[in-house]
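Everything on this sheet refers to the single structure shown next.
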Amino acid sequence: MGKFVIGVDYGTDSARAILVDAFSGEILAGKTAAYPRWAEGKFCDAAKAQFRQHPKDYLEVLETILKGVIGACPEPENIVSISIDTTASTPCFADRTLTPLALKPGFEEDPSAMFILWKDHTAMAESVEINTLCDTKGYPYTCHSGGVYSAENYWSKVLHIVRTAPQVAENAYCAIECCDWISAVLSGCNDMESFRPGHCCLGAKWMWAEEWGGFPPESFFDELDPRLNRLALPKENFGCDKPAGTLCAEWAAKLGLPETVRIGVGNIDSYSGAVGGGVRYKTIILNLGTSSCYMAVMPKEIYGSKVLPGVFAQVDGSILPGQVGFEVGLSAFGDVYAWVKNFLSWPLRKLDPERAAEIEGTMIADLSEAAAALPEREDAPLATDYLNGRRSPFGDNSLTGTLEGLRLSTSAPEVFRAFVEATCFATKAVMDHLEKGGVEIGRYVAVGGVAQKSPFVMQMLSDVLGKEIEVSSAKDSCALGAAVHAAVIAGLYPSVEAAEDALCPPTSRKYTPGESSVLSKRYARYLTLAGL
């Protein structure tokens, strides 16, 4: 008799589920579904950095992807657990039953009542206000976010909605994180008393820390805006190696599963991807997607209690239990390449919209091939990658991308190469910062769509870092990380590390660095241009 677990990963554009044999690690089925309203561009305004997602999108794809993998299971009665990860911080204002307000009459079309996606930067002014208050008053509450609290984080977004959409805030009981809400939906949790939110999100995005007794005191929030203290906060939080509950009757009936199926505490997608990539002490996971998240751990007994300024998050137990977890990365990685593609595609869409999609489908691959063939030139165009601000080191959401050194002879492949270099140079700046801060890195493992699909980017990254980079053979590392946690909460493995050993596949290929004095000189110029 087999045992099966399901890992669910909510990404920026779509969600996916995988069905995993909990003993062999074989992935028996996978199902992906795009968010229908998001795909239509609803509730978003890129010019304002507003990116919102409707909770109906999440519910609809959840049913689709779970039914898709359950239907492929040879023994669905032996599915024992489901764990979930989502983007973060992606909060939504909700009522006393933890129901997002966008699901209630009067708020169905209100973007402020929807989930505020991780990359939404409408709260930049609020993040500056939070940082200024902490800096001027000497409050420690930003220390676990590198000394800079981002517009991507929970309290910035919540404060922004309180200020700009009082009709939403006045009707809300709390603001709930996406990953916690999905777990609550599946487990049937509809009250704050039995709610089991994840330690990962609260520690990395919500300013929760043991050293100041949980959340900052009410007096701190009073100084920002007293209305923040009207929102209910969870009393406890839990690691992703713990269950949030069991499958509720409603979803058991929908899915044809027993109510004994355990539901895991929700996780952040990049943290889950680190587990799916086999994160360990001295092994850093490079999660390369629309943005990039670089995840490392250090044993607490080695790293101690010091806090590293300039990281995006540093939280004990956030990635692996008992270890200090570090999150750094770039606010835009694959999104930078997509911007180049979209920029070049504008005339195509105007002149021949029917052929535009076909041409766009191979454009990045074609640009990569042409860029790889270019000779190295120290005076080639040079870019910075901050098209969505800087996440680390020392986050600054107000920064914008730049491109210098353009000539009449500059070609599209040269511009593309400049932006690929920029994302790689930014990554090196992050790695240098970690290592200067005492984070030990001996092995680089890449996961995510860019790692799987772009040899040109991966070779450039290896050359710039001067390090060998292994690529995980896991195609859906975030969903796999969720499956690893699902196996642990089912009691099939004694620890996350033991489940990783059993379920995470080996790496599939390696990129070996070449030597380039030109890249070294261009990196030095990049640091100056980026102000690092």
For the stretch 205-225, how many residues meet the condition of being aromatic (Phe, Trp, Tyr) and within 16 Å of residue 132 (Cβ to Cβ)?
-> 2
In this structure, does residue 447 turn out to be in contact with a helix residue (DSSP H, G or I) (Cβ under 8 Å, 6 or more places away or on another chain), more than 18 Å from residue 329 (Cβ to Cβ), modelled with pLDDT of 95 or more and of a type in the set (Val, Ile, Thr)?
-> no
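So that you can scan it fast, the table gives a plain yes or no per residue for (1) crowded, with 16+ Cβ neighbours inside 10 Å; (2) modelled with pLDDT under 95:
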| position | (1), (2) |
| --- | --- |
| 365 | no, no |
| 369 | no, no |
| 374 | no, no |
| 377 | no, no |
| 381 | yes, no |
| 385 | yes, no |
| 392 | yes, yes |
| 398 | no, yes |
| 404 | no, no |
Only residues that are touching a Ser or Thr at 6+ places or on another chain (Cβ under 6 Å) and within 26 Å of residue 7 (Cβ to Cβ): list them for the stretch 499-522, please.
-> 505, 507, 508
Set 325, 273: member being of a type in the set (Gly, Ala, Ser) and in a strand (DSSP E or B) = 325
Does residue 408 satisfy the condition of being without any contact (Cβ under 8 Å) to a residue 40 or more places away in the chain and not charged (D, E, K, R)?
-> yes
Counting only residues that are surrounded by fewer than 24 Cβ atoms within 10 Å (Cβ to Cβ) and out of contact with any helix residue (DSSP H, G or I) (no Cβ under 7 Å at 6 or more places or on another chain), the stretch 262-297 contains a total of 4
Looking across the stretch 234-252 at residues that are part of a loop (DSSP other than H, G, I, E, B) and in contact with a strand residue (DSSP E or B) (Cβ under 7 Å, 6 or more places away or on another chain), the single one that is farthest from residue 79 (Cα to Cα) is 237
State all residues of the stretch 348-401 that are among the polar types (S, T, N, Q) and either in contact with a Gly (Cβ under 7 Å, 6 or more places away or on another chain) or within 19 Å of residue 461 (Cα to Cα) (or both); if no residue qualifies, say none.
-> 368, 384, 392, 397, 398
Check off (1) on the phi > 0 side of the Ramachandran plot; (2) over 17 Å from the mean Cα position of the chain (by Cα); (3) buried (at least 21 other Cβ atoms within 10 Å of the Cβ) for residue 471 and give me the number that stays unchecked.
-> (1)
Residue match in the stretch 370-382 (condition: in contact with a Pro (Cβ under 8 Å, 6 or more places away or on another chain), in the same structural domain as residue 478 (by TED's automatic domain parsing) and part of a helix (DSSP H, G or I)) = no
Verdict on residue 513 being in contact with a strand residue (DSSP E or B) (Cβ under 9 Å, 6 or more places away or on another chain) and within 22 Å of residue 478 (Cβ to Cβ) = no
Just one of the numbered conditions (1) in a strand (DSSP E or B); (2) more than 30 Å from residue 30 (Cβ to Cβ) is not true of residue 81; which one?
-> (2)
Would you say residue 49 is under 15 Å from residue 120 (Cβ atoms), under 20 Å from the mean Cα position of the chain (by Cα) and hydrophobic (A, V, I, L, M, F, W, C)?
-> yes
Given the conditions (1) surrounded by fewer than 23 Cβ atoms within 10 Å (Cβ to Cβ); (2) closer than 30 Å to residue 79 by Cβ, and given that residue 309 satisfies all but one, which numbered condition is not satisfied?
-> (2)
Output for the stretch 27-44, where each listed residue is surrounded by 13 or more Cβ atoms within 10 Å (Cβ to Cβ) and among the charged types (D, E, K, R) = 31, 37, 42
Within the stretch 80-95, can one find any residue that is at pLDDT 95 or above, surrounded by fewer than 21 Cβ atoms within 10 Å (Cβ to Cβ) and either among the hydroxyl-bearing types (Ser, Thr, Tyr) or touching a strand residue (DSSP E or B) at 6+ places or on another chain (Cβ under 9 Å) (or both)?
-> yes
Restricting attention to the stretch 516-526, does a residue exist that is within 26 Å of the chain's Cα centre (by Cα), closer than 18 Å to residue 422 by Cα and in contact (Cβ under 8 Å) with a residue 40 or more places away in the chain?
-> yes
Taking the stretch 44-74 and keeping only residues that are more than 30 Å from residue 168 (Cα to Cα) and modelled with pLDDT under 95, one is left with 74
Cβ-Cβ under 9 Å pairs, at least 6 apart or on other chains, the stretch 249-275 side of a type in the set (Lys, Arg), far side assigned to a loop (DSSP other than H, G, I, E, B) and surrounded by fewer than 24 Cβ atoms within 10 Å (Cβ to Cβ) | 262/247; 262/490; 262/491
Of the residues in the stretch 286-297, those that are in a strand (DSSP E or B) and either out of contact with any Asp or Glu (no Cβ under 7 Å at 6 or more places or on another chain) or of a type in the set (Val, Ile, Thr) (or both) come to 286, 287, 288, 292, 294, 296, 297
Filter result for residue 123 (farther than 30 Å from residue 483 by Cα and without any contact (Cβ under 8 Å) to a residue 40 or more places away in the chain) | yes
Conditions (1) over 24 Å from residue 316 (Cα atoms); (2) of a type in the set (Gly, Ala, Ser); (3) loosely packed, with under 15 Cβ neighbours inside 10 Å: number failed by residue 138 = (1)
Which residue out of 37, 16 is within 19 Å of residue 107 (Cα to Cα) and either without any contact (Cβ under 8 Å) to a residue 24 or more places away in the chain or in a strand (DSSP E or B) (or both)?
-> 37
Residues within the stretch 43-75 that are part of a loop (DSSP other than H, G, I, E, B) and not small (Gly, Ala, Ser), tallied | 7
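The values are calculated or read from the model by the stated rules, or taken from the named source; none is laboratory data. Everything numeric here is computed off the predicted structure, so don't read it as measured data. Note that we place each Cβ from the backbone using ideal geometry, even for glycine, and neighbour counts take in every protein chain shown.
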